[in-house]
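The values are calculated or read from the model by the stated rules, or taken from the named source; none is laboratory data. Just so it is clear, the model here is predicted, and its values are computed rather than measured. Cβ placement follows ideal geometry from the backbone for every residue including glycine, while neighbour counts extend to all protein chains displayed. The protein model used for the area step is the full one, side chains on, heavy atoms only, and it has no ligands, DNA or RNA in it. Shrake-Rupley method; radii C 1.70, N 1.55, O 1.52, S 1.80 Å.
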Amino acid sequence: MAANVENLGTLERRVSMSVPVRDIEKQVDARLKQLARNVKMPGFRPGKVPMKIVAQTYGPQVRNEVLGDAVQKSFSDAVKEANLRVAGYPKIEKKDEKQADAAPGEVLEFSATFEIYPEVKPGQLSGATLEQPKVAVDDAAVARTIEVLRKQRTKFVAADRPAKDGDRLTVDFDGTIDGVPFDGGAAQNFIFVPGGGNMLPEFDAAARGMSAGDSKRFDLKFPADYHGKDVAGKQAQFEIRIKNVDEPRLPEIDAEFAKSLGVADGDVEKMRGEIRANVEREVKKRIEARVKNQVMEVLLAATPLELPKALIEMEAQQLVQRAAQDLQGRGLKPEQLNLNPQQFEEAAKRRVALGLIIAELARGENLQPKPAEVRALVEQEAQSYESPAEVVKWFYMQPQRLSEMEAMALEANVVKWVLSKATVRERDVAFDELMGAAGS
């Protein structure tokens, strides 16, 4: 079987292959004889079906299988001989559809068009500068975290007073435009929090100062860019009736609060210590994430690559599948959102490029993580759970999860390597800046 490789572009190649018909026919004949030993057909004992009938029944299928195997072997031999790394799947075509009738002394000709992996040469990083955030986890940071936890456990109790921002209101309302009700303009026992950002400002303003049992009429103009196109930019009239006004009550910082956070004996000081440890772990994770993101951007900038289209398409498809699974987990139907691989193309390009660069660094700089490094990462991840030892066992019983941790350990080694090459400058960062807006 002969083959030759042709360059079509930087990454695109074409292999032309010829397969002797005589070789195909020999293998077809051999497979049919093997098949005839056990084939079953009505009117014949097993293994006694005439070869002519076996060939008539199974010949076309067997020939396609033999031909496919021969072409695949020829392709594999050609790329191996040329030392090519195939990216994606080749597109295999017959040179001439009339070849099916070729005589035994002739050859069948095929071509396979495909892409190869690019050569990856990480660029110089000595001129790169990265910022290392420095964040102090002090008593004030712990106190702010406790306030966030208190807010998450807010309870609402009936308030015998006018409504204000932060209260939880239960209301009935009816809306009309030019005296005509419209879709979404009415609700019963509707719950919202004035100032919470879920309602239009005019609606919040109308509810403020009202008490349970009060009713009010007011005008509201929908913004021109309102998501409901049928009412966008239109003037509406609403009547609102307040049924309940409930005010928020935050739990006291006491033994019951500590128990709600998993401190079995209700020791408040122990609770503060555990919260501090959790905050320190979260701060460490966020700092590492910021630094890692900078490192990846530096690697992308220093290592321009032409990427195989096949790999980008495959990665985009995987991102679509992950997005669909995420939506299903949230109770949504992905088909309603019309997920399109093109929406994920830029993210796919970034992931493919980084995957190629990281793989080359792992090979060229010997950065593959050692088992102890993976174990340390698994144990670190397990610390945020109630039974760390059980979580560690679970990771080692789940090959896919362990593989994810190995990938994270490799990325951590790449980050360390880049930090050793680039200029790193520390910068004091406020706790709230790192963690997000205060109270979030």
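Values computed for the structure shown
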item	result
Cross-chain or 6+ apart pairs with Cβ under 8 Å, region 320-335 first and within 22 Å of Ala348 (Cα to Cα), then open to solvent by less than 80 Å² (accessible area, probe 1.4 Å) and modelled with pLDDT under 75	Ala323/Pro334; Ala324/Pro334; Leu327/Pro334; Gln328/Pro334
Matching residues in region 385-407 - criterion: being assigned to a helix (DSSP H, G or I), in contact (Cβ under 8 Å) with a residue 12 or more places away in the chain and either under 24 Å from Leu361 (Cα atoms) or open to solvent by 100 Å² or more (accessible area, probe 1.4 Å) (or both)	Leu402, Met405, Glu406
Considering residues of region 229-285 that are loosely packed, with under 14 Cβ neighbours inside 10 Å and at positive phi only, the residue nearest to the chain's Cα centre (by Cα)	Gly262
Test set (1) within 22 Å of Leu410 (Cα to Cα); (2) open to solvent by 60 Å² or more (accessible area, probe 1.4 Å); (3) within 21 Å of the chain's Cα centre (by Cα); (4) among the aliphatic types (A, V, I, L, M) - Leu332 fails condition number	(1)
Pairs, first closer than 13 Å to Pro133 by Cβ in region 281-305, second open to solvent by less than 80 Å² (accessible area, probe 1.4 Å) and in a helix (DSSP H, G or I), C-beta under 6 Å, six or more apart	Arg286/Leu434; Lys292/Val415
Test: residue in region 43-50 that is out of contact with any Asp or Glu (no Cβ under 6 Å at 6 or more places or on another chain) and outside any loop (DSSP other than H, G, I, E, B)	no
Long-range neighbours under 6 Å by Cβ, at least six apart or interchain, first residue more than 16 Å from Ala186 (Cβ to Cβ) within region 228-256, second of a type in the set (Ser, Thr, Tyr) and surrounded by 14 or more Cβ atoms within 10 Å (Cβ to Cβ)	Ala232/Tyr226; Asn244/Thr170
Hits in region 128-154 (condition: surrounded by 12 or more Cβ atoms within 10 Å (Cβ to Cβ) and of a type in the set (A, V, I, L, M, F, W, C))	Ala128, Leu130, Val135, Val137, Ala141, Val142, Ala143, Ile146, Val148, Leu149
Set Leu367, Leu410, Leu419: member being part of a loop (DSSP other than H, G, I, E, B) and buried (at least 16 other Cβ atoms within 10 Å of the Cβ)	Leu367
Residue check for Val66: surrounded by 18 or more Cβ atoms within 10 Å (Cβ to Cβ) and modelled with pLDDT of 90 or more	yes
Qualifying positions in region 166-180 - more than 17 Å from Arg241 (Cα to Cα) and surrounded by fewer than 15 Cβ atoms within 10 Å (Cβ to Cβ)	Gly166, Asp178, Gly179, Val180
